[in-house]
1. Determine whether D135 is within 31 Å of the chain's Cα centre (by Cα) and either surrounded by 15 or more Cβ atoms within 10 Å (Cβ to Cβ) or modelled with pLDDT under 95 (or both).
2. Give the residues of region 321-354 that are under 24 Å from E311 (Cα atoms), of a type in the set (A, V, I, L, M, F, W, C) and assigned to a loop (DSSP other than H, G, I, E, B), sorted by residue number.
3. If I ask for residues that are without any contact (Cβ under 8 Å) to a residue 40 or more places away in the chain and β-branched (V, I, T), which ones from region 98-119 would you list?
4. Could you pull out every one of the helices (runs of 4 or more DSSP H) wholly within region 169-286 that has 3 or more residues that are touching a residue at least 40 places away in the same chain (Cβ under 8 Å) and within 12 Å of the chain's Cα centre (by Cα)?
5. Within region 116-156, can you find the residues that are of a type in the set (A, V, I, L, M, F, W, C) and farther than 19 Å from N95 by Cα?
6. Could you identify the single residue in K231, K172 that is not aromatic (F, W, Y) and not assigned by TED's automatic domain parsing to the domain that holds N113?
7. Across region 394-421, what is the total count of residues that are surrounded by fewer than 16 Cβ atoms within 10 Å (Cβ to Cβ), more than 18 Å from E347 (Cα to Cα) and of a type outside the set (A, V, I, L, M)?
8. Would you mind stating whether R111 is assigned by TED's automatic domain parsing to the domain that holds S157 and either under 24 Å from S157 (Cβ atoms) or among the hydrophobic types (A, V, I, L, M, F, W, C) (or both)?
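The values are calculated or read from the model by the stated rules, or taken from the named source; none is laboratory data. Treat the numbers as computed from the prediction; the structure is a model and nothing was measured. When we count neighbours, we look across all protein chains shown, and the Cβ atoms used for this are built from the backbone with ideal geometry, even at glycine.
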Amino acid sequence: MLRTNLNLKRLAAAIPALALVLGLGLGLGWTLAAQTAPPAKNWKDRAEYDMADAANKAEPKDRIPLLDKWKTAYPTTEYAEERQEIYLITYLQMNNCRGGLDSSVDTLKTRPNHARSIETILACVYTFMPPQPPDLDTADKTATYALAHLDEIYAESNLSQGLTKEAFAANKPNTKGAAIRTLGWVPFTKKDWPKAETELTKGLQMDGTQATMSNWLANSLLSQNKTNPEKQPLALYHFARAAAYDGPNSLPAAGRKQIQDYLTRVYKQYHGSEEGLPALLATAKNSVFPPTAWAGIKSVVDIQKEQIEAEAKEDAANPMKTLWVKVLKGGLQADGGAAFFEGTVKEALLPGGATPGVTRFKGKIISMTPATRPKEIVLGIEKGDVGDATLKFEEALAGKMEVGEDLSFEGKAVAYAKEPFMLTFEVEKEGLEGWTGKGGPGPAKAKPAAPKPAAPAAAKPKPPAAKQ
């Protein structure tokens, strides 16, 4: 009887699908003696028996030439199926996936439901570096057939030699998972990204635990970036799924970390920061596909566009603030700000115009000096809580107002500081709007003017003297 001593641990560690081949308990259970179970099998002659016996007794490394000799001399034999089994087992004993796959293809021509051959193809094709188109086609056809005929393949009548009924049945879900993966992996390997996206999506809908497929799907989506850049957020989601999911069929911890490191880098490039990444990982860990309410991931371009649109809307709503921030402050803080001040701003009445509340700058009171009847007020125009305009008055204002209240003004620019920014104005009282002057004495009243002395009365004319 042929015995096995499989040594595929190294390959199995690299290709999870090879776990299907490991632990099969390969062993043939046939002997060269006459068979007792019907239908009886017979050797054509003693020479065939001797060839089979020689192959049976040989070490795996010497067995293939002996099997080839037997096959050449007796291409048809009642022991054809047993010979196919020996070929397959021998290739697997030798860690020869090339021979194992070819032998399996040969077996499936006459026995399409041969489980061990299907398992071998779905495992060994991953070890070819790189797999050739015919091998990919074989894997694709085998996976398609396996998914459609799992019940027939794992019927008890097809029990693989060397396995118990329980062990044989346990391979059924493994083969299903391998077939699902392979149908997505084949177009992925061919770099047929749209088809890979379709097949991998279908596969994950069938088995969402396949984290390897999430990683492949992410790469397939990202590889369509030039023609379909809108798929980038979904690609980032599936990278997050592959990195965060740690349940059955998840990637090893080292693989998850490697993907998460990559995700962190590309997420930051796409979004502009790591904001939202922890929430993305938490969501993807528990959901194979983005939930219906998922808001997606905004790109740097999207964020900048929204900022520009928001600024444009604000500019339209508050043109005076736009003039202050973008023209005055922007020009004075830029290189050449001093020349801009001397040539354009200094001594100019700003903002100009005569429509109250519209063509005047508006800000919130930051401070007043003195606190009551001030002659100097600091306003916050851009942010409201940071002073950037100083108003100076020749005469004190009446009373006082509270910090944070609004004032509007126009005035003559007389000085500025670049950092921290401050533009100083001389303001006439009529150039200030909104001052209520509550809670303090008003301006000093002028003393009444002294009365002017009355003009002397005019002399009355004398009557003419009488003539003598």
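1. no
2. Selection gives A334 alone.
3. V105, T107, T110
4. Those helices (runs of 4 or more DSSP H) span 232-244, 277-286.
5. L136, A143, A146, L147, A148, L150, I153, A155, listed by residue number.
6. Just one listed residue meets the conditions, K231.
7. Number satisfying all stated conditions: 7.
8. Considered against the rule, which asks whether it is assigned by TED's automatic domain parsing to the domain that holds S157 and either under 24 Å from S157 (Cβ atoms) or among the hydrophobic types (A, V, I, L, M, F, W, C) (or both), R111 comes out as yes.
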